[in-house]
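To start, the structure itself, in structure tokens.
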Amino acid sequence: MEQMLVFGLGAELYGLEVTQIQEIVERPAIHYIPRAPARLLGAVNFHGSIIPVLDLATFLGFPPGELSPRVLVLPFQLCSLALAVHSTQRIVAIDADALMPVDRERQEESCIRAAMNCKGQIINILDVPSLLARLEKQP
């Protein structure tokens, strides 16, 4: 059974499959990157590797908010990237029967592949390949 980490962006809940998370770490010192776009908070030293930290809320168009003291580090096979989110919540099982499709425009705009109703709360499941493709397209 697949599981996902539920996290908050603004007033919405998002989910990321645990297989797409290398590690959840207390946010280390973030070092400024000159001339980096606003969506990049900077870079962190993660076990000897320097990786950029993406403000996921800003990137997806959410209003600014206080960030969680933790960052989500994606597996290096996907890319070298950490995601800063507003809050980290809990781990839940992905119920295939509770998955709801989302329209194509919303998929592209919000980088989600589906939504899931979990105990009356809608969780948008983040589509990491779509997120990475969108990041590559933007200057």
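Name the pairs: first residue in the stretch 93-114 and closer than 18 Å to L132 by Cβ, second residue small (G, A, S) and assigned to a loop (DSSP other than H, G, I, E, B), Cβ to Cβ under 9 Å, at least 6 apart or on different chains?
So the pair list comes out as E109/G61; S110/G61.
Against the definition (assigned to a strand (DSSP E or B) and within 15 Å of Y14 (Cα to Cα)), how does R106 come out, yes or no?
Values: assigned to a strand (DSSP E or B): no; within 15 Å of Y14 (Cα to Cα): yes.
When the stated conditions are applied, R106 does not pass them.
With a cut-off of at least 2 residues that are modelled with pLDDT under 90 and exposed (fewer than 15 other Cβ atoms within 10 Å of the Cβ), name the strands (runs of 3 or more DSSP E) lying wholly within the stretch 1-51. First the steps, then the outcome.
On the way: elements: 3-9, 12-17, 23-26, 40-46.
Ranges flagged: none.
Being loosely packed, with under 15 Cβ neighbours inside 10 Å and out of contact with any Gly (no Cβ under 8 Å at 6 or more places or on another chain) is the requirement here; does P63 meet it?
On the way: loosely packed, with under 15 Cβ neighbours inside 10 Å: yes; out of contact with any Gly (no Cβ under 8 Å at 6 or more places or on another chain): no.
Against the criterion (loosely packed, with under 15 Cβ neighbours inside 10 Å and out of contact with any Gly (no Cβ under 8 Å at 6 or more places or on another chain)), P63 does not qualify.
Answer yes or no as to whether P75 is assigned to a loop (DSSP other than H, G, I, E, B) and under 13 Å from the mean Cα position of the chain (by Cα). Outline the logic, then answer.
Numbers: assigned to a loop (DSSP other than H, G, I, E, B): yes; under 13 Å from the mean Cα position of the chain (by Cα): yes.
The answer is yes for P75.
Can you tell which of S87, S68 is among the hydroxyl-bearing types (S, T, Y), surrounded by 12 or more Cβ atoms within 10 Å (Cβ to Cβ), modelled with pLDDT of 85 or more and touching a His at 6+ places or on another chain (Cβ under 9 Å)? Break it down stepwise before answering.
Details: S87 fails: touching a His at 6+ places or on another chain (Cβ under 9 Å).
Testing whether each residue is among the hydroxyl-bearing types (S, T, Y), surrounded by 12 or more Cβ atoms within 10 Å (Cβ to Cβ), modelled with pLDDT of 85 or more and touching a His at 6+ places or on another chain (Cβ under 9 Å) leaves just S68.
The values are calculated or read from the model by the stated rules, or taken from the named source; none is laboratory data. Bear in mind the structure is a predicted one, so any value in this text is a computation, not a measurement. All Cβ positions, glycine included, derive from the backbone under ideal geometry; neighbour counts span all protein chains shown.
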